[in-house]
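Okay, so here's the structure we're looking at.
Every number in this text was worked out from the coordinates using simple rules, so none of it is lab data. Quick caveat, the model's predicted, so the values are computed rather than measured. Here Cβ is always computed from backbone atoms with ideal geometry, including for glycine, and neighbour counts include all displayed protein chains.
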Amino acid sequence: MDKDKGKGKGRGRVAWIEWARALGACGVVLLHVFVSTSLATEFLPMRAAVYSALGIVLGRWAVPAFFMITGYLLMNPAREVGWCQVKRYVLRMVAVLATYGLAFALMEEVWASVRSGAGLSPMALWRAVVDVISASTWDHLWYVYALLGVYLLVPALRLLQARLGRTGFCVATVALFAAVLAIPTCLHLFSLFATGEVFVPVQGAAALPVNVVVGITCFCVGACLERVRLTWPLVVCGVVSLVVMLGTSLWGIFAGLGDCGFVFLQGSCFACAHAVLVLALLRRWLGNKPIENNPLVESLARDSFGVYVLHPLFVHVVLLGVGPTVLPSPLFEVVLFAVALGGSIVLTRVMRRVPYLGTLL
């Protein structure tokens, strides 16, 4: 997802990776349009079900796929990844959190103070700093925190891959996938249908170590993508994962239990399997050839990290100004998606002209 990680073999950017980054950025924006709109007002179960279904199909694969693409690129034995490069990646994520993350946290603290009638005070800035340090800022930044943890472990993971060999590393990745994603998700799913109790993932600082481990797992899956082929077992696994996510979520909504987010959030083995299928389809369709004559996809792929970081700002500002009923559905969702995507692209490019801040996006 990072702008300096789209290059594969040869001088050009790899087509399937660029398409994945571009489509993933759109999927994330659309997903947050659905989530934020549903939180802004009360809907009938049917509309909530449509939101959940479209979000699962079009958006829930994206962030696991971003981790996988990073793993595919950085774990390539033919590519040199030194400590200086890793340090640059780590410092970039720290800087993103210390600038954009702090700005978002400060907005939230100022808004909370104004709404409570407490007025503005310097303590809002201190609370925002604490929010960033404790990973309690805007939810979508969990990806940046997790990516920071992944980058710190890249040298160790490359060393492990060299020791085990690529086949041994993939076997270890399967075991990691089972322990971190598959077994917990299936246990929560079994508990749901056995007891009717929905597992609610932890949030904020408590979720940080879990998110880092999830990110590492998806990163390692990406390191094994070179060996993944679009076979019938893979297709069946991906389709079954999609059906399980859709079926469980829709059943939960109509049963009054909520959308059962554990089946499609970042800790879900089903979301990860869906992401693998999407990437395998893109790779089969486009191959490993460099992307050519597609400036729109290249441009959106280049802006994908900036879009991810900035798009919630536009979603929240619009929803603060107007309600979801100002336009009929699905026109409202389409307009909000266009505003959020277009606004975040424009702001990303504007910020790139700002010294230092521009280098982060």
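Only loop residues by DSSP count here, and only those with at most 14 other Cβ atoms within 10 Å; note down the GluC sites (Glu not before Pro) in region 288-352 that meet that.
Those satisfying the criteria are Glu292.
Taking amide H atoms as placed 1.01 Å from N in the peptide plane, list the residues 5 or more away in sequence, or in a different chain, whose amide H sits under 5 Å from that of Arg13.
Ile291
Need the C-alpha centroid separation for region 243-265 versus region 275-351, integer Å.
Taking the Cα centre of region 275-351 as reference, the centre of region 243-265 is 25 Å away.
Can you compute the radius of gyration and Dmax for region 15-360, using only the Cα atoms, both in Å?
In Å, with Rg to one decimal and Dmax whole: 20.2, 61.
When the dipole is taken about the Cα centre of region 15-360, and only Lys, Arg (+1) and Asp, Glu (-1) are charged at their Cβ, what size is it in debye, to the nearest 20?
So the magnitude is around 1060 debye.
Can you tell me the equivalent ellipsoid semi-axes for region 259-311? Use √(5λ) from the Cα gyration tensor, largest first, whole Å.
Rounded to whole Å, the semi-axes are 27, 18, 7.
Under the rule of -39500 (n - 2.57) per DSSP H run of 4 or more residues, summed and divided by the residues of the chain, what mean residue ellipticity at 222 nm is obtained, to the nearest 500 deg cm²/dmol?
Roughly -23000 deg cm²/dmol at 222 nm, from the helical runs in the chain.
Once all Cα-Cα distances of region 98-247 are split into 5 Å bins that start at 0, what whole-number percent is in each one?
2, 8, 12, 14, 15, 13, 12, 10, 7, 4, 2, 1, 0
Might you list the cysteines of the chain that have no disulfide-compatible partner by the rule of another cysteine's Cβ under 4.7 Å?
Lacking a cysteine Cβ partner under 4.7 Å: Cys26, Cys84, Cys186, Cys218, Cys220, Cys237, Cys260, Cys269, Cys272.
Give the average over all directions of the projected area of the C-alpha convex hull of region 94-156, one decimal, in nm².
Over all viewing directions, region 94-156 projects a mean Cα-hull area of 4.3 nm².
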